[in-house]
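First up is the structure itself, then whatever we jot down about it.
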Amino acid sequence: MKVPQLLIAFAISVGLALVTVLMHYEVLNIAGTMRRRFSLPMRVDLLLLVVAAIIAHVVGICLFALAYAWMNHHPDLGGLAGLFSGSAADFFYFSVTCYTTIGFGEVYATGPMRIVAALEGLNGLVLIAWSASFAYASTSDLWKREQD
């Protein structure tokens, strides 16, 4: 691997991480604001929070999938191999397995794209933990309000 391609892959990873973290922050911030503004039943409140978090995760996964598709058209940046046909579903599937750190292995990255795949796993792990923490804190808050 050449240094310029590694730097491009790293820059793509950092850029996507920044975008997905900012997007996740905004989604959780809006969800928190909406929770305080409207007095929804607890089940509806939590359901909306979880759905908002899942949508944010899926959008982040799609952004990484788009990056993989773009990188795949630039062979010097690596590509996907294995049980890979080049379909949008393949890029999405690969991104899901990286983001969730499942990593089944039928489709795998080669070359500098491996950097993006590895850092997507770290990014996904942090954002999933953040969503879980936010959901836990929101649930605790709602249960306290229900008891009062």
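The values are calculated or read from the model by the stated rules, or taken from the named source; none is laboratory data. Bear in mind that the values here come from a model prediction, so they are computed numbers and not experimental data. All Cβ positions, glycine included, derive from the backbone under ideal geometry; neighbour counts span all protein chains shown.
Whenever a residue of region 129-148 is at negative phi and in a helix (DSSP H, G or I), its partners that are at pLDDT 90 or above and of a type in the set (Gly, Ala, Ser), lying with C-beta atoms within less than 8 angstrom and at least six residues away or across chains, give the pairs 131/53; 131/56; 134/53; 135/53.
Taken together, 45, 76 contain a single residue that is among the charged types (D, E, K, R), over 16 Å from residue 126 (Cα atoms) and surrounded by 16 or more Cβ atoms within 10 Å (Cβ to Cβ), which is 45.
In region 43-93, what residues are of a type in the set (Phe, Trp, Tyr) and either touching a residue at least 40 places away in the same chain (Cβ under 8 Å) or in contact with an Asp or Glu (Cβ under 6 Å, 6 or more places away or on another chain) (or both)? Result: 64, 68, 84.
Taken over region 71-89, the criterion of being within 23 Å of residue 5 (Cα to Cα) and either assigned to a helix (DSSP H, G or I) or in contact with a His (Cβ under 7 Å, 6 or more places away or on another chain) (or both) is satisfied by 71, 72, 75, 76, 77.
Every residue, every condition in (1) among the small types (Gly, Ala, Ser); (2) assigned to a helix (DSSP H, G or I); (3) at pLDDT 95 or above, yes or no:
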| residue | (1), (2), (3) |
| --- | --- |
| 7 | no, yes, yes |
| 10 | no, yes, yes |
| 17 | yes, yes, yes |
| 28 | no, yes, no |
| 36 | no, yes, no |
| 55 | no, yes, yes |
| 62 | no, yes, yes |
| 66 | no, yes, yes |
| 69 | yes, yes, yes |
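The set of residues in region 98-128 that are in contact with a helix residue (DSSP H, G or I) (Cβ under 9 Å, 6 or more places away or on another chain) and either of a type in the set (S, T, N, Q) or assigned to a loop (DSSP other than H, G, I, E, B) (or both) comprises 100, 101, 102, 103, 104, 105, 106, 111, 112, 123. Of all the criteria given as (1) of a type in the set (A, V, I, L, M, F, W, C); (2) in a helix (DSSP H, G or I); (3) without any contact (Cβ under 8 Å) to a residue 12 or more places away in the chain; (4) more than 15 Å from residue 113 (Cβ to Cβ), the one not satisfied by residue 40 is (2). Being exposed (fewer than 14 other Cβ atoms within 10 Å of the Cβ) and at pLDDT below 95 is a property that holds for residue 102.
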